[in-house]
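Reading through the structure tokens given below for one structure.
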Amino acid sequence: MKHIIPALWYPDGKNRDVTGAAKLIRPGEYIRDIFKAATGTATTARGWVKTRRDSKGVTFIQLSDGSTFADLQIVVETGTIPENILKDVTTGACIAVIGEVVESPAAGQSVELKAREIQVYGAADSTTYPLQKKGHTMEFLRGIAHLRPRSNTFGAVYRVRNAISYAIHKFYQERGFLYLTAPLITTSDAEGAGAMFSVSTLDMMNLPRTSEGQIDYEQDFFGKKAHLTVSGQLEAEIFALAFSNVYTFGPTFRAENSNTPRHLAEFWMIEPEMAFCDLDGNRQLAEEFLKYVIAYVLDNCKADLEFFNKRIDDTVLATLENVAGSDFAHVTYTEAISILEKAVSGGKSFEFPVFWGADLQSEHERYLTEETFKKPVIVTDYPKEIKAFYMRLNDDEKTVRAMDVLAPRIGEIIGGSQREERYDVLLDKIRKQNLPEEHYWWYLELRKYGTAPHAGFGLGLERILMYVTGMKNIRDVIPFPRVPGYADF
């Protein structure tokens, strides 16, 4: 049995035959398509009313369906639409408008839709509708996360989020990487930091206990203590040592009690992992990846980026164009510390101290990118004490083959490393960090059965969204933020 997917769904205008699938019907067009239509075209626009303005003999309606930054102006001449229908066309209402595309005399738009018929799908009380035509604070909008996607700011954020997500898959698929869905429930801590959410079906009011008085997790669903994952990296390493190049793209979780504008309890991570790859290959791929994603957004989200540049941060476009067109700088951690120490001796003041062995803070990272190099910087070879157990130990036995990609305006945007592929060295690091060896038995076995040099990195989707849009709080670049004390919607 064959079905036809209408040509409307495809930019080339060709119908597709599909077998065994439900027939898809979507009458009308997206508003973004109507803007490209020739005058005189009969069409239907569907969406939500942004504003309504009544003038002598005519009503003007701004309609959005989220497909583009621009609203479509609907022109309703008096007497065309029955008053009992027109009265329900208020801010927030959902409507369909059948009409004709005509040339628009208004500035900033080439065409508008002259209405012949209107259907109201869902009315809205304009006196109580939260999104009025006025400025709203980001904090207020977080409290109406069920409606904020209809605002200009968040419509733009989520279109850019969609474009970045597509570009990420496109980048890796074009290079032959295998897409991997890593598990969300795990018994191992990829970061070794312990800030993980527990997953349990035990009765919290009547916990089973061992003879030593400890919680008896053998009676839990998985028979042992389980958590929400902080990273898909360890599982990606399994697949990289079978498929060479893989990547994960999914949600991860951190139970840090942090209320900063840069932290979420639930966020999305992109984590490529490559066999037969060292630190140099890793940083080269990270640079290519970041440039690719930014170039894609510059090419495909022009109106949204112009809005962010005008309303949120006037350095957005210049910064992105600089990143897309620059060769990234590269320094070792030791060289970076030397640069910062010279800055301090020259009178520069930092809130956090600078010394070899200190973890670089955002202020240090921004100084390197914005004042020293004036472009992204990749810092490598960090002290082993401040990096994760799985990073490959250098010959000096003081540093590991780690890397952080630092970007102007935000600091660290990518973190990664060459992984420790030597069994004895990895086992020694696990033991020295007092990690539960039994949780990593399979991770160690990868080093016993066909080990290979391999490397990878992680990029937080919300972190790059903040960078691309200029948004100041990470809670405003994810549809439903999860932070301490807040899990609404």
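Measuring r between the beta carbons of K448 and N152 and using R0 = 45 Å, the FRET efficiency lands at 0.20. Couplings for the stretch 397-413, taken from phi via the Karplus curve 6.51 cos²θ - 1.76 cosθ + 1.60 with θ = phi - 60°, read 6, 10, 10, 10, 7, 9, 8, 10, 8, 9, 10, x, 5, 9, x, 5, 10 Hz in order; Gly and Pro are left as x.
Ellipticity at 222 nm from helices only: DSSP H runs of n ≥ 4 in the chain, each -39500 (n - 2.57), divided by the residue count, give -8000 deg cm²/dmol.
Please give the length that would be gained between D313 and D278 if that part of the chain were fully extended, namely 0.36 nm times their separation in residues minus their C-alpha to C-alpha distance (nm, one decimal).
Length gained, D313 through D278: 8.9 nm.
Over all other residues within a Cβ to Cβ distance under 10 Å of Y247, the charged ones net out to -1, with Lys and Arg as +1 and Asp and Glu as -1.
Would you mind checking the stretch 368-384 for residues with the amide N under 14 Å from a putative spin-label position 7 Å along Cα→C-beta of N322? Once the point is set 7 Å along Cα→Cβ of N322, 368-377 turn out to lie under 14 Å by backbone N, inside the stretch 368-384. What you get for the chain, charging only the Cβ of Lys and Arg (+1) and of Asp and Glu (-1), is a dipole of about 1560 debye around the Cα centre.
Counting Lys and Arg as +1 and Asp and Glu as -1 over every other residue whose Cβ lies under 11 Å from the Cβ of F267, the net charge comes to +3.
Over the stretch 73-202, with the other protein chains present, what is the accessible area per residue in square angstrom, probe 1.4 angstrom? Each step should come with its number before you reach the end.
Details: 6470 Å² over 130 residues.
On a per-residue basis, 50 Å².
Each peptide in 203-214, 306-317, 126-137 was scored by the mean count of other Cβ atoms within 10 Å over its residues; highest first, the order is 306-317, 126-137, 203-214. Between F489 and S362, the C-beta separation translates, for a Förster distance of 25 Å, into a calculated FRET efficiency of about 0.30. Pairs of Cα atoms nearer than 8 Å and 6+ residues apart set the relative contact order; for the chain it is 12 percent. Among all the aspartates and glutamates, which ones have a C-alpha under 16 Å from K133's C-alpha, if same-chain residues fewer than 8 places away are not counted? Of all the aspartates and glutamates, those that pass the test against K133 - Cα under 16 Å, at least 8 places apart if same chain - are D54, D71, D125.
Residues of the stretch 28-50 with backbone nitrogen within less than 17 Å of a virtual label 7 Å along the Cα-to-Cβ line of K302, please, listed as ranges. Under cut-off, by backbone N: 32-37. Less than 15 Å Cβ to Cβ from V377, Lys/Arg counted +1 and Asp/Glu -1: what total charge do the surrounding residues give? With Lys, Arg at +1 and Asp, Glu at -1, the net is -4.
Packing around the peptides 374-384, 402-412, taken as the average count of other Cβ atoms within 10 Å per residue, puts them in this order, highest first: 402-412, 374-384.
The residues of the stretch 340-489 present an accessible area of 43 Å² per residue when probed at 1.4 Å with all protein chains retained.
Here K374 is the anchor, and the lysines within straight C-alpha reach of less than 20 Å, apart from those fewer than 8 places off in the same chain, are K291, K342, K348. In summary, the lysines within cross-link reach of K384, defined as a Cα separation below 20 angstrom excluding same-chain residues under 8 places away, comprise K398, K429, K432. Of the accessible area of the chain, with the probe set at 1.4 angstrom, what percent is carbon plus sulfur? The C+S portion of the solvent-accessible surface of the chain is 51 percent. The Cα atoms of the stretch 382-489 cover 45, 32, 25 Å along the three principal axes, with the biggest extent listed first. Only bridges with both residues in the chain count here: give the DSSP antiparallel percent, nearest 5. In the chain, approximately 90 percent of DSSP beta bridges are antiparallel ones.
Three principal axis extents of the chain based on alpha-carbon atoms, in descending order, are 83, 62, 47 Å.
The values are calculated or read from the model by the stated rules, or taken from the named source; none is laboratory data. Given the structure is predicted, the values throughout are model-derived calculations rather than measurements. Here Cβ is always computed from backbone atoms with ideal geometry, including for glycine, and neighbour counts include all displayed protein chains. Please note that ligands, DNA and RNA were not included when accessible areas were found on the heavy atoms of the full protein model with its side chains. Shrake-Rupley method; radii C 1.70, N 1.55, O 1.52, S 1.80 Å.
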